[in-house]
Amino acid sequence: MRPFSTARVMAVTSALLASLSPAVAEDYPVRDCRDPGVVLPMVPSGFDAIATHATDDLMGPSIFQRNAKTEGGDGFEIEVRTYPSFEAQLADYLACETPFMRVTHAQMSHISDLTEPNPATAMVPIFFYGWSNGADAVISRGHTKVSELSGAQIVTDAARLDLALQLGQDVDTFPSITVSEDPAGSFASNSALDFAIVSAPQAEILTAGGVGTGAEGSVDGAREVLTTTSANRVIGHMLVVRKDFYDANPEITRATVRALLKAEEIFREDAKKQVVDFERASEMVLGDAALEDQMMTLWRGVETVGLAGLVDWGDPASARSFRTLINAGQTAMVAAGLRDAAVALNDPEIDFASLGDDIWDKRRTQTSGFDQDAATAAIQAMSNEDIDDSTIASVTILFEPQQAVFPVSQYQDAFEEALEKSRIYAGAVLSIEAHSSYLGYLRGVLKSGWEPPKQKRELASLRNISTARALSVRDALLETAEQIGYTIDKSQITIDGRGIEDPLGGFCNDLPCPPKTEEEWKASRRVIFRVIGMESEAEVFTPLNEW
Amino acid sequence: MKPIYFRLGLLALLSLSLAACKEDAPEPDAQSAPEVQRAPPPTVSVAVLGATQWPSDEIVAQVGEIETAADPFAENNMLVLDMSGSMEARECSGDDHSSRAEAAKTAVLTWLSANPGDNVGLVTFSADGTKLDFPLGQGSAHAEAIVNRIQSLQPKGGTPLLLAMNMGYEELAKQAVRQGGTGSYRLIVITDGEASKGHDPRDLVSRIASNPADMVELHTIGFCISGKHSLKDTDRVFYTDANSPADLKAGLDATQGETASFDAGNTTFEELQQ
């Protein structure tokens, strides 16, 4: 039994904590937490298939039993405990029923007023499980694209707050963000909420797998507009530990992280061999062994990062590090009115690189995630409306007549912004779509009387010009990435030289309508660099967790 | 970047090869041509371009995934040379050649020297049968082998024009897959047009011409081809008379590409048609 401390976290009345039920938020008992009991919290997530597998001792000592030992050789026990709600988890964390807590980055900031004022309960980030990669979805009623989130209302739970904040920054006017323990229920019952961020299985129910009808739990008109398959560097799941426990038990904490790394490594191998007991995982994580398929779906919706990813996460200079994500999240929270000011949070203190002595899987998970040909074909098959709906961000570059080069420096800022987007929406396709001017072609056909073979020859030539422009933009993009130290996944880029097949003014008698103004004529020589979500095109992606 | 070395090598070879040929046949008398009032040429539908596929899925499937051309903008010339029995005839061969076959050799090499491109291939039908002698390729050794092959051909046998053109066309379509659909693709047919039964190329010509996305340019270098022949239909092919050295040497017009200026008073459909 852990001793009670005299400290108590009293009522927190800010809107920040509106998502927590008043009965719990008002009065959390706080206990001293220096005893070295290791109870790992589990939540309904794909990552937790790893923890359940690590406790499986049916065929002998479990992975945790074999690997839970300090560098001095002292063994200890790792227990797991399932939490159906964050509220219950927070209560146990403060009461030291477990010294650990599962949070995402914005969630950590969101609850900081409950944990950080007391030095004993302050959170220390110790392990990064990885990214949501398909496990979460943005749904909407009456809207089909992310840009329509501008100035709208969106509801999310705290664990998915990072995605709401990111999307808020990517639209013209920051949306009104409501944090709820039950965003799916809030969305279903409150028609004023335009968007909601929910788990993929919930999204499937609310949208009836397409567009909701109002029957069988779906919401009339609800549809999916984005998933974390595109925005797959936004929601990062981590493990934090109480500061008093960490200070009292540094070796145990370090050994726990090591055991988690080992568990992940072995899980991947066992999943490949198809010896993971997902039925057991679903029973432990979801409370029902019959939900095995759902558990496997959850596993496919996450992306672990391995030791190298953990090292990157702990490195403040890394693009998607703990510190970068916390700072960006808090800036957005202030902009969204969810916080008055930033709050100081502890950085990871463990030297992760030194944990790798017996970790053979030192991979970095920046492998090629796309089938480039399939992505190109899928984009070429999409209508302009579909592309518009799926566009997350775009940059337009205008070329001079007959030119395939452009002043790169003029577009440097736009490129850097687009590259930043490509790192956040690392599951999106970077499409470079280039066009040519059709005025000269029209003059040739209508005034000079070109014969059809000559017309086709010119069409091919104009397509060549547009493709050369697309390649020029791609090269400039890669060069800019190199200059600012970004590693870009080249398989993420697709090229589409469209010649004059998509004129700005549409068609007149099967030919492009002539440009009405000089501006339209200039705009016809455009290259559009787009970040496009491709969730609906499964063949575009190479599977993450199938091996 | 175009492989200049290949162009220079090919030009040198062709110059040597053509040195012995007397090619300055008299210019056709323009005055003698009857004046024909032609209707405005039909327009290729740009509106369907975005929804039209080329090359076909079948061709794409035949090209291996790892086959990607080094130069996506390469110009490709696929020659289809008729060395059938009818090419032994002297009629239409001009004053300087003993047969259409000899005139054809001169004509194709003359045309090629004016339009060397980057890659060249050769399909022939002759005493040796119908065959893809050389797939598209480049380099001086490749060019030399093509020239030597052309010079060695003897006219004999039938005229499987369609079969030979299909062979050449398929080569170009596969190359288009490798180049990602950019570049230039020319199918150059040197023939008197007298196809064997079942080898009339009109369906292939129509198919190429009617697909605005199909980038293959059909060029005919013809002997005695009647005005109604599909290979002389200027709504579908670029036609050059084999006995017109000036035309053969002229080279293709450069493409116009984009216009450099915007004239606000000249941009409506009606104004452009005036």
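The values are calculated or read from the model by the stated rules, or taken from the named source; none is laboratory data. Nothing here was measured: the structure is a model prediction, and the numbers come from that model. Counting neighbours? That spans all protein chains shown, and the Cβs are built from the backbone with ideal geometry, glycine included.
Can you tell me how many residues in the stretch B:39-88 are part of a helix (DSSP H, G or I) and either touching a Phe, Trp or Tyr at 6+ places or on another chain (Cβ under 9 Å) or hydroxyl-bearing (Ser, Thr, Tyr) (or both)? Give the steps one after another, and end with the answer.
Keep residues of the stretch B:39-88 that are part of a helix (DSSP H, G or I), which gives B:49-51, B:57-62, B:85-88.
From what's left, either touching a Phe, Trp or Tyr at 6+ places or on another chain (Cβ under 9 Å) or hydroxyl-bearing (Ser, Thr, Tyr) (or both): B:86-87.
Total satisfying the criteria: 2.
Table: residues versus (1) in contact (Cβ under 8 Å) with a residue 24 or more places away in the chain; (2) within 22 Å of B:Gln175 (Cβ to Cβ); (3) surrounded by fewer than 19 Cβ atoms within 10 Å (Cβ to Cβ); (4) aliphatic (A, V, I, L, M).
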| site | (1), (2), (3), (4) |
| --- | --- |
| B:Ala74 | yes, yes, no, yes |
| B:Met83 | yes, no, no, yes |
| B:Ser93 | yes, no, no, no |
| B:Leu122 | yes, yes, no, yes |
| B:Ser126 | yes, no, no, no |
| B:Pro135 | yes, yes, yes, no |
| B:Ala145 | no, yes, yes, yes |
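For (1) in a strand (DSSP E or B); (2) modelled with pLDDT under 95; (3) surrounded by fewer than 18 Cβ atoms within 10 Å (Cβ to Cβ), each residue gets a yes or a no:
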site: A:Pro84; (1), (2), (3): no, yes, yes
site: A:Val103; (1), (2), (3): yes, no, no
site: A:Ala106; (1), (2), (3): no, no, no
site: A:Ser140; (1), (2), (3): yes, no, no
site: A:Ser147; (1), (2), (3): no, yes, no
site: A:Ile154; (1), (2), (3): yes, no, no
site: A:Leu167; (1), (2), (3): no, yes, no
site: A:Val198; (1), (2), (3): yes, no, no
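Residue by residue through the stretch A:322-346, note down the ones that are under 17 Å from A:Asp170 (Cα atoms) and assigned to a loop (DSSP other than H, G, I, E, B).
Hits for the stretch A:322-346 are A:Ala336, A:Gly337.
Within the stretch A:473-491, is there a residue that is under 30 Å from B:Ser210 (Cβ atoms) and assigned to a helix (DSSP H, G or I)?
Checking the stretch A:473-491: not a single residue is under 30 Å from B:Ser210 (Cβ atoms) and assigned to a helix (DSSP H, G or I).
Out of A:Gln483, A:Gln492, report the one residue that is more than 8 Å from chain B (Cβ to nearest Cβ), at pLDDT below 90 and surrounded by fewer than 17 Cβ atoms within 10 Å (Cβ to Cβ). Can you show your working first?
On the way: A:Gln492 fails: surrounded by fewer than 17 Cβ atoms within 10 Å (Cβ to Cβ).
Of A:Gln483, A:Gln492, the one residue that is more than 8 Å from chain B (Cβ to nearest Cβ), at pLDDT below 90 and surrounded by fewer than 17 Cβ atoms within 10 Å (Cβ to Cβ) is A:Gln483.
Looking at the stretch B:117-224, what helices (runs of 4 or more DSSP H) fall wholly within it and have at least 1 residues that are under 23 Å from A:Arg457 (Cα atoms) and charged (D, E, K, R)? Talk me through it step by step, then tell me what you get.
Values: elements: B:140-152, B:161-178, B:202-210.
Fully inside the stretch B:117-224 and qualifying: B:161-178, B:202-210.
What's the number of the only condition in (1) more than 15 Å from B:Asp253 (Cβ to Cβ); (2) surrounded by fewer than 22 Cβ atoms within 10 Å (Cβ to Cβ); (3) facing chain B (nearest Cβ under 8 Å) that A:Ala418 fails to meet?
Condition not satisfied by A:Ala418: (3).
Regarding B:Ala70, is this residue of a type in the set (Gly, Ala, Ser), within 14 Å of chain A (Cβ to nearest Cβ) and surrounded by 17 or more Cβ atoms within 10 Å (Cβ to Cβ)? Walk me through how you get there before you give the answer.
Values: of a type in the set (Gly, Ala, Ser): yes; within 14 Å of chain A (Cβ to nearest Cβ): yes; surrounded by 17 or more Cβ atoms within 10 Å (Cβ to Cβ): no.
When the stated conditions are applied, B:Ala70 does not pass them.
Quick check: anything in the stretch B:197-214 within 13 Å of chain A (Cβ to nearest Cβ), of a type in the set (Lys, Arg) and closer than 30 Å to B:Ala89 by Cα?
Scanning the stretch B:197-214 turns up no residue that is within 13 Å of chain A (Cβ to nearest Cβ), of a type in the set (Lys, Arg) and closer than 30 Å to B:Ala89 by Cα.
Pick from the stretch B:217-227 the residues that are more than 9 Å from chain A (Cβ to nearest Cβ) and surrounded by 21 or more Cβ atoms within 10 Å (Cβ to Cβ): which of them is nearest to the chain's Cα centre (by Cα)? Please lay out each step first, then the result.
So in the stretch B:217-227, the residues more than 9 Å from chain A (Cβ to nearest Cβ) come out as B:220-227.
Those still in the list that are surrounded by 21 or more Cβ atoms within 10 Å (Cβ to Cβ) too: B:220-223.
Details: B:Thr220: 6, B:Ile221: 8, B:Gly222: 11, B:Phe223: 14 Å.
So the residue we want is B:Thr220.
Please specify each residue of the stretch A:226-240 satisfying the condition of being modelled with pLDDT of 95 or more and in contact with a strand residue (DSSP E or B) (Cβ under 6 Å, 6 or more places away or on another chain). Working first, answer last.
Residues of the stretch A:226-240 modelled with pLDDT of 95 or more: A:234-240.
Answer for the stretch A:226-240, where residues must be modelled with pLDDT of 95 or more and in contact with a strand residue (DSSP E or B) (Cβ under 6 Å, 6 or more places away or on another chain): A:Ile235, A:Gly236, A:His237, A:Met238, A:Leu239, A:Val240.
Touching a Phe, Trp or Tyr at 6+ places or on another chain (Cβ under 6 Å) and not in a helix (DSSP H, G or I): does that describe A:Val241? Talk me through it step by step, then tell me what you get.
Working: touching a Phe, Trp or Tyr at 6+ places or on another chain (Cβ under 6 Å): yes; not in a helix (DSSP H, G or I): yes.
Yes, satisfied.
Examine the stretch A:129-138 for a residue that is modelled with pLDDT of 95 or more and farther than 30 Å from A:Thr207 by Cα, and state whether such a residue exists.
Within the stretch A:129-138 (the criterion being modelled with pLDDT of 95 or more and farther than 30 Å from A:Thr207 by Cα), the answer is no, since none of the residues qualifies.
Can you name the residue in the stretch A:451-480 that is facing chain B (nearest Cβ under 7 Å) and farther than 20 Å from A:Asp496 by Cα and is also nearest to the chain's Cα centre (by Cα) among such residues?
A:Gln455
Please go through the stretch A:282-302 and pick out each residue that is outside any helix (DSSP H, G or I) and under 9 Å from A:Gly46 (Cβ atoms). Spell out how you get there, then give the answer.
The first filter runs over the stretch A:282-302 and keeps only residues outside any helix (DSSP H, G or I), leaving A:287-288, A:301-302.
Scanning the stretch A:282-302 gives A:Gly301, A:Val302.
If you go through the stretch A:500-522 one residue at a time, do you hit one that is among the β-branched types (Val, Ile, Thr) and crowded, with 23+ Cβ neighbours inside 10 Å?
Filtering the stretch A:500-522 down to residues among the β-branched types (Val, Ile, Thr) leaves A:500, A:517.
If we keep only those that are crowded, with 23+ Cβ neighbours inside 10 Å too, we end up with A:500.
Among the residues of the stretch A:500-522, at least one is among the β-branched types (Val, Ile, Thr) and crowded, with 23+ Cβ neighbours inside 10 Å, which makes the answer yes.
Looking at (1) farther than 24 Å from B:Gly85 by Cβ; (2) over 17 Å from the mean Cα position of the chain (by Cα); (3) touching a residue at least 60 places away in the same chain (Cβ under 8 Å); (4) surrounded by fewer than 22 Cβ atoms within 10 Å (Cβ to Cβ), which is the one condition that is false for B:Ser113?
Single failed check for B:Ser113: (2).
Quick check on this structure: which one of A:Ser218, A:Ser318, A:Ser230 is hydroxyl-bearing (Ser, Thr, Tyr) and either crowded, with 22+ Cβ neighbours inside 10 Å or assigned to a helix (DSSP H, G or I) (or both)? Walk me through how you get there before you give the answer.
Working: A:Ser218 fails: either crowded, with 22+ Cβ neighbours inside 10 Å or assigned to a helix (DSSP H, G or I) (or both); A:Ser318 fails: either crowded, with 22+ Cβ neighbours inside 10 Å or assigned to a helix (DSSP H, G or I) (or both).
Selected residue: A:Ser230, the only one of A:Ser218, A:Ser318, A:Ser230 that is hydroxyl-bearing (Ser, Thr, Tyr) and either crowded, with 22+ Cβ neighbours inside 10 Å or assigned to a helix (DSSP H, G or I) (or both).
Out of all the residues in the stretch A:124-137, is one or more within 21 Å of A:Leu338 (Cα to Cα) and within 25 Å of the chain's Cα centre (by Cα)?
First pass over the stretch A:124-137, keeping only residues within 21 Å of A:Leu338 (Cα to Cα): none.
Among the residues of the stretch A:124-137, not one is within 21 Å of A:Leu338 (Cα to Cα) and within 25 Å of the chain's Cα centre (by Cα), which makes the answer no.
Among (1) within 24 Å of A:Gly356 (Cα to Cα); (2) charged (D, E, K, R); (3) touching a Pro at 6+ places or on another chain (Cβ under 9 Å), where does A:Asp312 come up short?
Among (1) within 24 Å of A:Gly356 (Cα to Cα); (2) charged (D, E, K, R); (3) touching a Pro at 6+ places or on another chain (Cβ under 9 Å), the lone unmet condition for A:Asp312 is (3).
Counting just the residues of the stretch B:183-204 that are at pLDDT below 95 and of a type in the set (S, T, N, Q), which one comes out farthest from B:Phe73 (Cα to Cα)?
Among them, the one singled out is B:Ser196.
Any idea how many residues of the stretch A:298-327 are free of Cβ contacts under 8 Å to residues at least 12 places away in the same chain and either among the charged types (D, E, K, R) or over 29 Å from A:Ile266 (Cβ atoms) (or both)?
Total meeting the criteria: 3.
From the residues in the stretch B:234-263 that are surrounded by fewer than 20 Cβ atoms within 10 Å (Cβ to Cβ), part of a loop (DSSP other than H, G, I, E, B) and of a type in the set (D, E, K, R), which one is nearest to the other protein chains (Cβ to nearest Cβ)?
B:Asp235
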